Amino acid sequence: MDKKGGFGAVKLYGNKVNRYLIDTQVFIWTIKEPEKLSKFAKKLISHPANLIYISYFSLLEIKLKNLSGKLDYPTNVLKLLGKLDMELIYPETKVLDTVKIYKPSNKDPYDNLLMATAINHNLEFITADKDILKTSANRLKTIAAS
């Protein structure tokens with residue numbers, strides 16, 4: 001359970017709180033290049049009533065890309081989560097049990113893990129990835145970030 005009520009139905013002033021998972025690229029843009037995000041995405045991410053989550057799989061992807069020299073990122077990334085008021089979702093067996101290739105043309109393991117995370121936690125998925133945005137999967141709700 002997180003500080004704002006966990007993954008169940010959360011109420012704030014009688015209204016349902018919106019809950020979003022941001023993908024790896026959206027997280028990087030939020031930290032390093034916020035101008036790449038649409039005004040709508042910035043508003044969703046920064047609105048104090050919205051719950052914003054990032055998956056452990058995104059942090060793993062960032063770390064592995066950093067180790068391979070493909071990406072530079074802040075070493076204090078976990079501290080940034082708190083400052084950005086984001087919650088970390090750790091891997092769960094239910095996500096691993098249900099992950100699949102959601103779109104045959106997109107076999108990226110991180111994309112598919114993140115989609116499975118959004119579906120399993122009933123989160124809207126904020127992404128700039130055109131392949132993910134074009135994916136049609138039961139219970140997958142996407143929002144364009146750029």
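Computed from the coordinates by the stated procedures, all read-outs in this text should not be read as laboratory data. If you're wondering where the values come from, they're calculated on a predicted model, not measured in any experiment. Counting neighbours? That spans all protein chains shown, and the Cβs are built from the backbone with ideal geometry, glycine included.
Checked against (1) under 27 Å from PRO48 (Cβ atoms); (2) in a helix (DSSP H, G or I); (3) among the hydrophobic types (A, V, I, L, M, F, W, C); (4) in contact with a strand residue (DSSP E or B) (Cβ under 9 Å, 6 or more places away or on another chain), ILE62 passes all but condition (4). In the range 112-121, the count of residues that are in contact with a Pro (Cβ under 8 Å, 6 or more places away or on another chain) and surrounded by 14 or more Cβ atoms within 10 Å (Cβ to Cβ) is zero.
Under the condition of being over 18 Å from ASN138 (Cα atoms), not in a helix (DSSP H, G or I) and not basic (Lys, Arg), the residues counted in the range 66-116 number 18.
Out of the residues in the range 13-26 that are in contact (Cβ under 8 Å) with a residue 40 or more places away in the chain and either among the hydrophobic types (A, V, I, L, M, F, W, C) or not in a helix (DSSP H, G or I) (or both), state the one that is surrounded by the fewest Cβ atoms within 10 Å (Cβ to Cβ). Here the residue is ASN18. One residue stands out in the range 90-111 among those that are closer than 18 Å to THR24 by Cβ and of a type in the set (Lys, Arg): the one that is surrounded by the most Cβ atoms within 10 Å (Cβ to Cβ), namely LYS103. On the basis of being on the phi > 0 side of the Ramachandran plot and loosely packed, with under 15 Cβ neighbours inside 10 Å, does GLY69 make the cut? Against the criterion (on the phi > 0 side of the Ramachandran plot and loosely packed, with under 15 Cβ neighbours inside 10 Å), GLY69 qualifies.
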